[in-house]
Amino acid sequence: MAKRQFDAVYAMVQRIPEGEVASYGQIALFLGWPNGARTVGWALRALTSGSGVPWHRVVNAQGKISLPNPTRQRALLETEGIVFDEKGRIDLRRFGWRGPDAVDLEP
DNA sequence: ATAATGACTGGGG
DNA sequence: ACCCCAGCCATTA
């Protein structure tokens, strides 16, 4: 059932290291869709529990959680060491993922 | 094939 | 800083 495009999204999200976050637009850009941020959100929305995809590491460009009920996602991120400010935003300068090329040093 | 959907984004008020 | 609006894209119905 996994559509090719969605699958690409999941694969990219899987690359986000623990303790870091990426924006929808960022993921889309890495996949080659300059304006496909919404499509990324679509793919994640279609995700089912137990998919093994770290969907919680994806937030909007404002560093904020886009889900109607951010509680669960926020808890997961805090578990990984992500820090939220008083307005529930993440400092992307600090926790933002650099990209798929930035981290590739596994022996 | 057309229309609607939505976990987005950037710009303007 | 916050709220609203129009543009954009792949998937679904």
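We did not get these values from a lab; they are worked out from the coordinates using the rules stated. Values in this document were obtained by computation on a predicted structure and should not be read as measured data. We place every Cβ from the backbone using ideal geometry, glycine too, and count neighbours over all the protein chains shown.
Sites listed here are GluC sites (Glu not before Pro) in the range A:49-94 whose DSSP assignment is loop and whose Cβ has at most 12 other Cβ atoms within 10 Å: A:GLU86. Looking at the range A:42-98, the pairs of alpha carbons with a distance over 15 Å make up 47% of the total.
Across q = 0.11, 0.21, 0.23 Å⁻¹, chain A modelled as identical point scatterers on its alpha-carbon atoms has Debye log10 I(q)/I(0) values of -0.31, -1.17, -1.39, in the order of the q list.
Highest average first, the peptides A:39-49, A:64-74 ordered by how many other beta carbon atoms sit within 10 Å of their residues are A:39-49, A:64-74. Taking each DSSP H run with n ≥ 4 as -39500 (n - 2.57) and averaging over every residue of chain A yields -10500 deg cm²/dmol at 222 nm.
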